Amino acid sequence: MAQQNEWDQEYKSNLLVTGSTEPQNDFKRFLKYLKKQCKVEVETLRVLDLGSGTGKNSIFLAKRGAVCTGFELSTTAIKIARKRSLESDTNSTFIQRSFGEEFHFPDNSFNLVLDIMSSNSLTEPERKIYLQEVSRVLRPGGHFFVRLLALDGDKHAETLLKTRPGTELGTYQLPDVEITERVLTEKEFRHYYEPFFDIIKLERKSGYARVSGRIFKRQYWIGYLKNKV
Ligand SMILES: C[S@@+](CC[C@H](N)C(=O)[O-])C[C@H]1O[C@@H](n2cnc3c(N)ncnc32)[C@H](O)[C@@H]1O
């Protein structure tokens, strides 16, 4: 599986991911939008959480009545997610597998898919499968929340693309953690997602990321998407 060892190592050393159990504000704002503007209650959600990490987003939703499944590469992250899920008295399912391969779910199985900082790790062939599979398992009109690293306006990414380029276009290898990231321009984001999904909102926001104890200003795409009907 792509980058499985690198991500597992990361959860053991904690140079990149935070230990937080609380979802980011961008995701909480999306949940408010679902409730207020789409009249969708959390307890009606059947959620697929791609790159579920230590489970914070799934567990947050499960505590409020959603039924959640996570796909995750890292054995260490999965163990933490399962333990946290048990401790919170919820029963999300965390499955060790790559979302860059075909999903084992029937069509229209979910009404919400999450990709919160996960698909930046995919290779180009994996990204193609991921987009097709999300569209297939998401019900028509179902919601897709995406938060991803952006290239536009990101000085750190520009430097890394020059100094530590990966083998594919738009990729670099992060120093210390050995993880390869693909950063997207707005044009690329639209090119990938628009054939499958209606883009309800696409916003670029800056934030701070910690890597190996250092803080970097980064740019993120926040996408509210809906599966085409
Ligand atoms: C930056 S972390 C974000 C975790 C989580 N979504 C969150 O918001 O806390 C990215 C996660 O995606 C996982 N990941 C990366 N590529 C993956 C793949 N192809 N299949 C499954 N998980 C993957 C990593 O192991 C990692 O846990």
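Things to note:
- Cβ-Cβ distances below 9 Å connect the following pairs, each with a first residue in segment 57-76 that is closer than 23 Å to Gln9 by Cα and within 8 Å of the ligand (Cβ to nearest atom), a second residue that is assigned to a helix (DSSP H, G or I) and among the aromatic types (Phe, Trp, Tyr), and a separation of six or more residues or different chains: Asn57/Phe27; Glu72/Trp7; Leu73/Trp7; Ser74/Trp7; Ser74/Tyr11.
- Test set (1) outside any helix (DSSP H, G or I); (2) away from the ligand (no atom under 15 Å from the Cβ); (3) more than 30 Å from Lys217 (Cβ to Cβ) - Leu86 fails condition number: (1)
- Residues within segment 35-56 that are more than 22 Å from Asn108 (Cα to Cα) and either touching a residue at least 24 places away in the same chain (Cβ under 8 Å) or within 9 Å of the ligand (Cβ to nearest atom) (or both), tallied: 4
- Exactly one residue among Glu188, Glu181 is acidic (Asp, Glu), closer than 24 Å to Gly70 by Cα, within 19 Å of the chain's Cα centre (by Cα) and outside any loop (DSSP other than H, G, I, E, B), and that residue is Glu181.
- Scanning segment 121-136 for residues that are crowded, with 18+ Cβ neighbours inside 10 Å and touching a Leu at 6+ places or on another chain (Cβ under 9 Å) yields a total of 3.
- Residues located in segment 85-120, provided they are over 14 Å from the mean Cα position of the chain (by Cα), crowded, with 17+ Cβ neighbours inside 10 Å and either of a type in the set (A, V, I, L, M) or within 19 Å of Glu22 (Cβ to Cβ) (or both): Ser85, Thr90, Ser92, Phe94
- Candidates Val229, Val177, Val183: the one that is farther than 19 Å from Arg29 by Cβ and surrounded by fewer than 13 Cβ atoms within 10 Å (Cβ to Cβ) is Val229.
- Residues being in contact (Cβ under 8 Å) with a residue 40 or more places away in the chain and among the polar types (S, T, N, Q) - total across segment 170-224: 4
- Taken as a whole, the condition of being under 19 Å from Glu181 (Cα atoms), part of a helix (DSSP H, G or I), within 12 Å of the ligand (Cβ to nearest atom) and among the charged types (D, E, K, R) applies to Glu126.
- Selection of segment 58-79 for residues being over 17 Å from Ser98 (Cα atoms) and either touching a Phe, Trp or Tyr at 6+ places or on another chain (Cβ under 6 Å) or surrounded by fewer than 20 Cβ atoms within 10 Å (Cβ to Cβ) (or both) yields Lys63, Arg64, Gly65, Val67.
Here, each number is a calculation from the coordinates, and none is a lab measurement. As the structure is a computational prediction, the values presented were derived from the model and not from experiment. FYI the Cβ positions are ideal-geometry reconstructions off the backbone, even for glycines, and counts take in every protein chain you see.
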